[in-house]
Amino acid sequence: MSGASDAGIDGRRGAAPPAQAGAAGLAGAEWVDTFPACVAGRWQWLGSQFRVISPGGQPSATVADCGPAQAAEAVETTVRAFEDWRRSTPNERSRILRAWHDRVMAHREDIARTISREMGKPITEARGEVLYAAAYVEGYAEEARRIYGEAFVGAGSDKRHYALRAPVGPVYAITPWNFPAAMVTRKAAAALAAGCTVILKPAEQAPLTALLLARAWQEAGGPPAALQVLPARDPVPVSAAMFADRRIRKLTFTGSTEVGRLLARQSATTLKRMSLELGGHAPFLVFEDADIDAAVREVMASKFRNAGQTCVCVNRIFVHDSIADVFAQRLAAATRRLVIGDPSDDATEIGPLVDRPGLEKVAGHVEDAVRHGARVLCGGHALHGTYFEPTVLTGVTREMRIMHEETFGPVAPVSTFTTEAQAIALANDTPYGLAAYAWTRDLSRSHRVCDALDYGIVGINDGAPSCAQAPFGGVKDSGMGREGGPWGLQDYLDVKYVSVKLAAAA
Ligand code: NAD
């Protein structure tokens, strides 16, 4: 392959000292200039590269740009690797995954700094993401030993029937930029635990963290060919090779609904299993019996995490009209106190948005809302670079764009309701169905509301329900399949029915 070499990711060739000028080594705190791809079990520094721009203004990096040649090599590699990996014992897989967890934890500060640098997440949140990402690996190290089948009674007494579980096969995984570590481990750890091999294409805005995770996998003794990472400036050529090849048995995708729909159509040609974790438009219902300060705290935690660039971020806040004014004032007061700054600074709570199109979308939602009569209680403006002021809007109505589209930014739109039935109808008035939240102290209401919400995840008095043990995923336009806990493992397993006919005793 032209321009490729098999130097290690830290710039070393085997055990030799650093050979690559500018490659300071991923084990240190320094940002390396050039990152390789991880294809066919080798670190490949390709002739073609693309730039990863740091939205927080830190030095950018270049990374190998994979195309059809690397995709073809990766497919052949993963198909061969699958034949070995599927035969590894659950205990072996568990041990390697456990060691992977330990290596991720050993590199946690490097990984957190890389997340923060490549997509602008405040460093304290990035550290939290690494722990969240590592928890998936640890969880699947345990789940790897818990792949159960069933024996059941069939039609005749001369037969024995079993439903076994078998790995689906080589998996193609596509991840977004907003959780560059957790979205990788949530998929890859579950797939690897099930006995599948993985080709991962990380988002072009933030591909570097995935490479650090692959390095940690190899350090842990994971077969290099079982987890390949193909960064690509243009996702289409690499993906086209995967969709065309029926030996790739599953697509797992996290990203926008629009792209998910496109990929589902492309997967149909070779009838791949699919898990699609797509966009959200989360409502937060605050009932009249709410502890207002606690509700404000939960909305803050959900809305402003990652500067609002989270699929489960609150995007529509509905407050009972008897408490709406006081709620909005307190929310605005808390929002004004958020510390905007350099994402590498420990004090920063709001960093930049990932890129200019992201900023333009957020600014567009605010302008549109104001044009249609919304009031800005705080914020409302773009700042330098891709920063946007944390914003609270009131008087938000149904015809505004912000009530229909995912904002993916630090804007909290508040509107009101009068009855419980109205609140539920407003919350469900969207094609999305990922996460929804409600704040109430009424036990019966909390259960009624929970039953009525058409969402995959419901937080009652809890603005941050995600954890590695839980089933994460949505309904309707938010996708299909679940990641996390035992549910996430099942998405990488097929049911194999076995029927044994017994001969009569001689
Ligand atoms: P995106 O859909 O633009 O991109 C996601 C990934 O898809 C990237 O890796 C990108 O390179 C790839 N991609 C884009 N077009 C493609 C194509 N034509 N063929 C193959 N691959 C293609 O989304 P994004 O902007 O990176 O991420 C934000 C979106 O992700 C939001 O909608 C958010 O809600 C969603 N998200 C969902 C979850 C979840 O679990 N439901 C989690 C995080 C993010």
**Prompt:** Out of ALA412, ALA427, ALA436, ALA421, which single residue is part of a helix (DSSP H, G or I) and open to solvent by less than 10 Å² (accessible area, probe 1.4 Å)?
**Reply:** ALA427
**Asked** Of the residues that make up segment 135-145, is at least one under 28 Å from PHE304 (Cα atoms), outside any loop (DSSP other than H, G, I, E, B) and in contact with a Phe, Trp or Tyr (Cβ under 8 Å, 6 or more places away or on another chain)?
**Response** yes
**Fill in**
Per the filter on segment 297-334, residues acidic (Asp, Glu) and free of Cβ contacts under 8 Å to residues at least 40 places away in the same chain are ASP325
**Prompt:** Just a yes or no: is a residue in segment 223-239 more than 15 Å from the ligand (Cβ to nearest atom), in a loop (DSSP other than H, G, I, E, B) and of a type outside the set (D, E, K, R)?
**Reply:** yes
**Asked** Can you list the helices (runs of 4 or more DSSP H) found entirely within segment 240-342 that contain at least 3 residues being under 23 Å from ALA190 (Cα atoms) and within 20 Å of the chain's Cα centre (by Cα)?
**Response** 257-268
**Fill in**
Within segment 352-386, residues in contact with a strand residue (DSSP E or B) (Cβ under 8 Å, 6 or more places away or on another chain) and either at pLDDT below 95 or within 16 Å of the ligand (Cβ to nearest atom) (or both) come out as LEU353, LEU359, VAL362, HIS365
**Request:** Please enumerate the residues belonging to segment 347-387 that are closer than 16 Å to ASN178 by Cα, assigned to a loop (DSSP other than H, G, I, E, B) and open to solvent by 10 Å² or more (accessible area, probe 1.4 Å).
**Result:** GLU349, VAL354, ASP355, THR386, TYR387
**Message:** Among the residues that make up segment 269-283, is at least one of them modelled with pLDDT of 95 or more, away from the ligand (no atom under 13 Å from the Cβ), closer than 30 Å to THR416 by Cβ and open to solvent by less than 10 Å² (accessible area, probe 1.4 Å)?
**Reply:** yes
**Prompt:** Just one of ARG337, ARG273, ARG265 is in contact (Cβ under 8 Å) with a residue 12 or more places away in the chain and among the basic types (Lys, Arg); which is it?
**Reply:** ARG273
**Complete:** Within segment 262-286, the residues that are of a type in the set (A, V, I, L, M, F, W, C) and more than 30 Å from SER302 (Cβ to Cβ) are ALA268, LEU271
**Asked** Which condition number in (1) within 14 Å of the ligand (Cβ to nearest atom); (2) open to solvent by less than 10 Å² (accessible area, probe 1.4 Å); (3) over 28 Å from GLU405 (Cα atoms) is the one that THR310 fails?
**Response** (3)
**Asked** Filter segment 293-302 for residues that are crowded, with 17+ Cβ neighbours inside 10 Å and away from the ligand (no atom under 14 Å from the Cβ); which is farthest from THR386 (Cα to Cα)?
**Response** ALA295
**Prompt:** Of everything in segment 76-98 that's in contact with a strand residue (DSSP E or B) (Cβ under 7 Å, 6 or more places away or on another chain) and assigned to a helix (DSSP H, G or I), which residue is surrounded by the most Cβ atoms within 10 Å (Cβ to Cβ)?
**Reply:** THR78
**Asked** Limited to segment 246-263, what total is found for residues that are open to solvent by 20 Å² or more (accessible area, probe 1.4 Å), more than 11 Å from the ligand (Cβ to nearest atom) and closer than 23 Å to PHE179 by Cβ?
**Response** 0
**Cβ pairs under 6 Å, 6+ apart, first in segment 405-419 and over 11 Å from ILE317 (Cα atoms), second within 12 Å of the ligand (Cβ to nearest atom) and not aliphatic (A, V, I, L, M)** = GLU406/GLY279; GLU406/HIS281; THR407/ASN315; PHE408/GLN309; GLY409/GLY308; PRO410/GLY308
**Complete:** Within segment 470-506, residues open to solvent by 20 Å² or more (accessible area, probe 1.4 Å), within 16 Å of the ligand (Cβ to nearest atom) and in contact (Cβ under 8 Å) with a residue 24 or more places away in the chain come out as VAL475, LYS476, ASP477, MET480, GLY481, ARG482, ASP491
**Identity of the residue in segment 56-75, modelled with pLDDT under 95 and over 13 Å from ALA37 (Cα atoms), that ends up surrounded by the fewest Cβ atoms within 10 Å (Cβ to Cβ)** = PRO59
**Request:** Select, from TYR172, TYR148, the only residue that is touching a helix residue (DSSP H, G or I) at 6+ places or on another chain (Cβ under 7 Å) and not in a helix (DSSP H, G or I).
**Result:** TYR172
**Item:** Filtered residues of segment 446-464 (kept if in contact (Cβ under 8 Å) with a residue 40 or more places away in the chain and surrounded by fewer than 17 Cβ atoms within 10 Å (Cβ to Cβ))
**Value:** ASN461, ASP462, ALA464
**Request:** Please go through segment 388-406 and pick out each residue that is part of a loop (DSSP other than H, G, I, E, B) and closer than 16 Å to ALA307 by Cα.
**Result:** GLU389, PRO390, GLU406
**Item:** Failed condition for TYR162, given (1) within 16 Å of the ligand (Cβ to nearest atom); (2) more than 20 Å from the chain's Cα centre (by Cα); (3) of a type in the set (Phe, Trp, Tyr)
**Value:** (1)
**Total residues in segment 53-98, condition within 30 Å of ALA244 (Cα to Cα) and of a type in the set (Val, Ile, Thr)** = 6
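The values are calculated or read from the model by the stated rules, or taken from the named source; none is laboratory data. The structure displayed is predicted, hence computed values, not measured ones. Don't worry about glycine lacking a Cβ; one is built from the backbone with ideal geometry, like all the others, and counts go over all protein chains shown. To get the accessible areas, we keep the full protein, side chains included, count just its heavy atoms, and leave off ligands, DNA and RNA. Shrake-Rupley method; radii C 1.70, N 1.55, O 1.52, S 1.80 Å.
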